[in-house]
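Peer 1: Before anything else, here's the structure in question.
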Amino acid sequence: MDSDSKGHRFESCRVRQTSYLFAARALRDFGDGFVTILLPVYLLALGFSPLQVGVLATASLLGSALLTIAVGILGVRHDLRRLLLAAACLMVATGTAMSVVTDYALLLVVACAGTVNPSAGSVSIFVPLEHAVLAREVGDADRTRMFARYSLVGALASTLGALAAALPDARAFVGLGQLTAIKLMFVLYAIVGVAGALLYSRIPTRLPNREAPEAATALGPSRAIVLKLAALFSLDAFAGGFVVQSLLALWLFERFDLSLSEVGVFFFWTGVLSAFSFPIAAWLSRRIGLINTMVFTHIPSSIALMLAAFAPTLPLVLILLMIRAALSQMDVPTRSSYVMAVVTEAERAAAASFTSVPRSLAAAASPALAGALFATSFRAWPLLICGTLKIVYDLLLLLQFRHHKPPEER
């Protein structure tokens, strides 16, 4: 077989593997898209308070952090495919449990040990594993574009999930009560997990090189930079936890008395704006760099969020939140690409995990605080705190890493 044929077969195999990951990401974010919106509605329908909603969101993010720590440790010496399959099975169990459990204490256990995601940012054990698999399939020149496509697929699927959140409002057409309809949506979430497992099973087994020096520990030569990034990302995530999508939906429900269908449609359009910002972020990063793209799109989005807290009318609030949606996620593919670029290949799974863990831990603390502020009628404060802390994060990131260039920018 000549070299051209071998190269063609290798490229075809790479495309298939990334396609399976893209499809799995789309299914998972579709499920997260409707669960994010339905979760507070479900809990309120069961008779729980806004504070209890915030505490459960915190439990979910905290559990995700602990699971991701385990993934980071296991990913150094174990096949990423097996870990992805295990995560998909956990998603199936989570959806099944959420559809039958109504006791608050048990719901806390399910939230902490499962994959229920109260955040539009898809803080989950899947993400670092998928990042490591994707990064090994592309070169430096194509890495950011690959992550932009990966993020685009997920965001578009999430917008469809947001629209699907309106299905329980159509219960009159099928004779179901809202509570029963929401429980069936959690069953659908479990079915999505089954489909994701089937896609992950198509990824070839690839054991890490246990003889490599970096394989002896989770992080090797890049430890210092990963720890600095993890600290900064944790500040960003702590800020974002004040306005996770479930709590933003709750804010819209309580301040403007919007219906479930109206909120679902709104989050659909914000998701569309976020999705199509990802290719723009990849294009922009090739011209001004990854760090500059992250910072100079993030700051205006935070300002828009803070202005929304004081906006007197619903149309103005929605316009400001849409401006935020169009800008706030442009750091997602660029951040993922940057982390993968500044560590060695052997460290990528661990780096993706260890930069995600502090994010999850930090994000786990703030929803409960936001819920407490909502419960005491300080409804604007979560938005203001989120915007202020995110601007501080952006300035620190620019100061610390503006001279630390990825390979394609040197």
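Peer 1: Only one residue in S336, S360, S285 is in contact with a Pro (Cβ under 9 Å, 6 or more places away or on another chain), surrounded by 24 or more Cβ atoms within 10 Å (Cβ to Cβ) and among the small types (G, A, S). Which one? Before you say what the answer is, go through the steps one by one.
Peer 2: Values: S336 fails: in contact with a Pro (Cβ under 9 Å, 6 or more places away or on another chain); S360 fails: in contact with a Pro (Cβ under 9 Å, 6 or more places away or on another chain).
Answer to the check: S285.
Peer 1: Could you please give the count of residues in segment 46-81 that are outside any helix (DSSP H, G or I), farther than 27 Å from L21 by Cα and out of contact with any Phe, Trp or Tyr (no Cβ under 7 Å at 6 or more places or on another chain)? Talk me through it step by step, then tell me what you get.
Peer 2: Step one: of segment 46-81, the residues outside any helix (DSSP H, G or I) are 46-49, 76-79.
Checking which are farther than 27 Å from L21 by Cα leaves us with 46-49.
Cutting the leftovers down to out of contact with any Phe, Trp or Tyr (no Cβ under 7 Å at 6 or more places or on another chain) gives us 46-47, 49.
So the count comes out to 3.
Peer 1: Identify, from the list L74, L43, the residue that is of a type outside the set (F, W, Y) and in contact (Cβ under 8 Å) with a residue 40 or more places away in the chain.
Peer 2: Working: L74 fails: in contact (Cβ under 8 Å) with a residue 40 or more places away in the chain.
Exactly one of L74, L43 is of a type outside the set (F, W, Y) and in contact (Cβ under 8 Å) with a residue 40 or more places away in the chain, namely L43.
Here's the yes/no breakdown for (1) under 25 Å from S274 (Cβ atoms); (2) modelled with pLDDT of 85 or more; (3) part of a loop (DSSP other than H, G, I, E, B); (4) touching a helix residue (DSSP H, G or I) at 6+ places or on another chain (Cβ under 7 Å):
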| site | (1), (2), (3), (4) |
| --- | --- |
| F147 | yes, yes, no, yes |
| L152 | yes, yes, no, yes |
| A170 | no, no, no, no |
| G175 | no, no, yes, no |
| L188 | yes, yes, no, no |
| G196 | yes, yes, no, yes |
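Peer 1: Separate question: Determine, yes or no, whether A370 is within 26 Å of L67 (Cβ to Cβ), aliphatic (A, V, I, L, M) and touching an Asp or Glu at 6+ places or on another chain (Cβ under 9 Å). I'd like the intermediate steps shown before the answer.
Peer 2: Details: within 26 Å of L67 (Cβ to Cβ): yes; aliphatic (A, V, I, L, M): yes; touching an Asp or Glu at 6+ places or on another chain (Cβ under 9 Å): no.
It is false that A370 is within 26 Å of L67 (Cβ to Cβ), aliphatic (A, V, I, L, M) and touching an Asp or Glu at 6+ places or on another chain (Cβ under 9 Å).
Peer 1: How many residues are within 27 Å of T334 (Cα to Cα) and in a helix (DSSP H, G or I) if we restrict to segment 92-132?
Peer 2: Looking only at segment 92-132, we keep the residues that are within 27 Å of T334 (Cα to Cα), and these are 115-132.
Within this subset, residues satisfying the condition of being in a helix (DSSP H, G or I) are 126-132.
Count: 7.
Peer 1: While we're on this one: Which condition breaks for P407 when tested against (1) within 21 Å of the chain's Cα centre (by Cα); (2) surrounded by fewer than 20 Cβ atoms within 10 Å (Cβ to Cβ)?
Peer 2: All conditions pass for P407, except number (1).
Peer 1: Tally the residues that are modelled with pLDDT of 90 or more, of a type in the set (V, I, T) and buried (at least 17 other Cβ atoms within 10 Å of the Cβ), restricting the search to segment 102-134.
Peer 2: 1
Peer 1: Kindly provide the set of residues from segment 359-388 that are within 20 Å of the chain's Cα centre (by Cα) and hydroxyl-bearing (S, T, Y), ordered by number. First the steps, then the outcome.
Peer 2: Applying the first criterion (within 20 Å of the chain's Cα centre (by Cα)) to segment 359-388 yields 359-368, 370, 382-383, 386-387.
Across segment 359-388, the qualifying residues are S360, S366.
Peer 1: Can L84 be described as within 16 Å of D103 (Cα to Cα), part of a helix (DSSP H, G or I) and under 18 Å from the mean Cα position of the chain (by Cα)?
Peer 2: Details: within 16 Å of D103 (Cα to Cα): no; part of a helix (DSSP H, G or I): yes; under 18 Å from the mean Cα position of the chain (by Cα): yes.
Judged against the criteria, L84 is not a match.
Peer 1: Name every residue in segment 61-103 that is under 17 Å from L184 (Cα atoms) and touching a Ser or Thr at 6+ places or on another chain (Cβ under 7 Å), in order of residue number.
Peer 2: M91, T94
Peer 1: Which number in (1) at pLDDT 80 or above; (2) polar (S, T, N, Q); (3) over 27 Å from I73 (Cβ atoms) marks the one condition that T376 misses?
Peer 2: Only one criterion is unmet by T376, namely (1).
Peer 1: Go through segment 376-403 and give me each residue that's within 21 Å of A249 (Cβ to Cβ), aromatic (F, W, Y) and in a helix (DSSP H, G or I).
Peer 2: Answer for segment 376-403, where residues must be within 21 Å of A249 (Cβ to Cβ), aromatic (F, W, Y) and in a helix (DSSP H, G or I): just W381.
Peer 1: A further question on this structure: Going by the structure shown, is V71 in contact with a Leu (Cβ under 8 Å, 6 or more places away or on another chain), buried (at least 18 other Cβ atoms within 10 Å of the Cβ) and modelled with pLDDT under 90? Walk me through it before giving the result.
Peer 2: On the way: in contact with a Leu (Cβ under 8 Å, 6 or more places away or on another chain): yes; buried (at least 18 other Cβ atoms within 10 Å of the Cβ): yes; modelled with pLDDT under 90: yes.
Yes, satisfied.
Peer 1: Inspect all residues belonging to segment 210-225 and state whether any of them is assigned to a helix (DSSP H, G or I), modelled with pLDDT of 90 or more and in contact with a helix residue (DSSP H, G or I) (Cβ under 9 Å, 6 or more places away or on another chain). Before you say what the answer is, go through the steps one by one.
Peer 2: Start the filter on segment 210-225 by keeping residues that are assigned to a helix (DSSP H, G or I), which leaves 213-216, 223-225.
Still in the running and modelled with pLDDT of 90 or more: 225.
Pick out the ones that are also in contact with a helix residue (DSSP H, G or I) (Cβ under 9 Å, 6 or more places away or on another chain) and you get 225.
Yes, because at least one residue in segment 210-225 is assigned to a helix (DSSP H, G or I), modelled with pLDDT of 90 or more and in contact with a helix residue (DSSP H, G or I) (Cβ under 9 Å, 6 or more places away or on another chain).
Peer 1: Of the residues in segment 135-145, how many are in contact (Cβ under 8 Å) with a residue 12 or more places away in the chain, in a helix (DSSP H, G or I) and surrounded by fewer than 22 Cβ atoms within 10 Å (Cβ to Cβ)?
Peer 2: 3
The values are calculated or read from the model by the stated rules, or taken from the named source; none is laboratory data. These numbers come from a predicted model, not from an experiment. Here Cβ is always computed from backbone atoms with ideal geometry, including for glycine, and neighbour counts include all displayed protein chains.
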